[in-house]
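The values are calculated or read from the model by the stated rules, or taken from the named source; none is laboratory data. Predicted, not measured: the structure shown is a model, and the values here were computed from it. We place every Cβ from the backbone using ideal geometry, glycine too, and count neighbours over all the protein chains shown. Please note that ligands, DNA and RNA were not included when accessible areas were found on the heavy atoms of the full protein model with its side chains. Shrake-Rupley method; radii C 1.70, N 1.55, O 1.52, S 1.80 Å.
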Amino acid sequence: MSPADSPADPFLVEIWGSGYGHCAAFSTMDDAYTAARAIREQALTGEAVAFTDRFGHAGLYRVLGVGVRRRNRLTGRLLAHARSWNLGSERTDALLALPDDWYDEPLPEDWRSR
């Protein structure tokens, strides 16, 4: 997966494992969620996941978790855009966008899309 050109407030797909964490930027919500779900599916097989972070560093990683975040440009805070997925978790709502009323702060009009 390759990072998007640097939009002002991209969707960030984060991966983490034992001793590392990386993120890649995506310009659309659909691209970010498609990438996050593909990473989850590959991680469930036990295979290493090929990942290129937002700085262009590529590698193979044993992924233990995936999340989607986005910076709220109205407040400057980096927020979860979805509940994260962790290996071994049985959450059925992982990697589904959180409802707007979940946040305790104003959201920009294009929070869900670009």
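Results, tabulated for the structure shown:
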| quantity | calculated |
| --- | --- |
| Criterion violated by ALA80 - all others in (1) touching a residue at least 24 places away in the same chain (Cβ under 8 Å); (2) under 13 Å from PHE11 (Cα atoms) satisfied | (1) |
| Which numbered condition ALA36 fails, given (1) under 21 Å from ARG112 (Cα atoms); (2) open to solvent by 50 Å² or more (accessible area, probe 1.4 Å) | (2) |
| Members of segment 6-41 found to be among the hydrophobic types (A, V, I, L, M, F, W, C), in a helix (DSSP H, G or I) and within 25 Å of PRO108 (Cα to Cα), listed by number | MET29, ALA32, ALA35, ALA36 |
| Count - residues of segment 1-10 that are among the acidic types (Asp, Glu) and either modelled with pLDDT of 90 or more or open to solvent by 40 Å² or more (accessible area, probe 1.4 Å) (or both) | 1 |
| Selection count where residues are open to solvent by less than 70 Å² (accessible area, probe 1.4 Å) and either within 10 Å of the chain's Cα centre (by Cα) or of a type outside the set (Val, Ile, Thr) (or both), scope segment 40-63 | 11 |
| Segment 11-31, residues that are without any contact (Cβ under 8 Å) to a residue 40 or more places away in the chain and surrounded by 15 or more Cβ atoms within 10 Å (Cβ to Cβ) | HIS22, ALA24, ALA25, PHE26, ASP31 |
| Test result for ALA50, assigned to a helix (DSSP H, G or I) and either of a type in the set (Gly, Ala, Ser) or at negative phi (or both) | no |
| Filter result (of a type outside the set (A, V, I, L, M, F, W, C) and touching a Lys or Arg at 6+ places or on another chain (Cβ under 8 Å)) within segment 68-88 | ARG71, ARG77, HIS81, ARG83 |
| Total residues in segment 64-114, condition of a type in the set (D, E, K, R), in a loop (DSSP other than H, G, I, E, B) and within 15 Å of the chain's Cα centre (by Cα) | 2 |
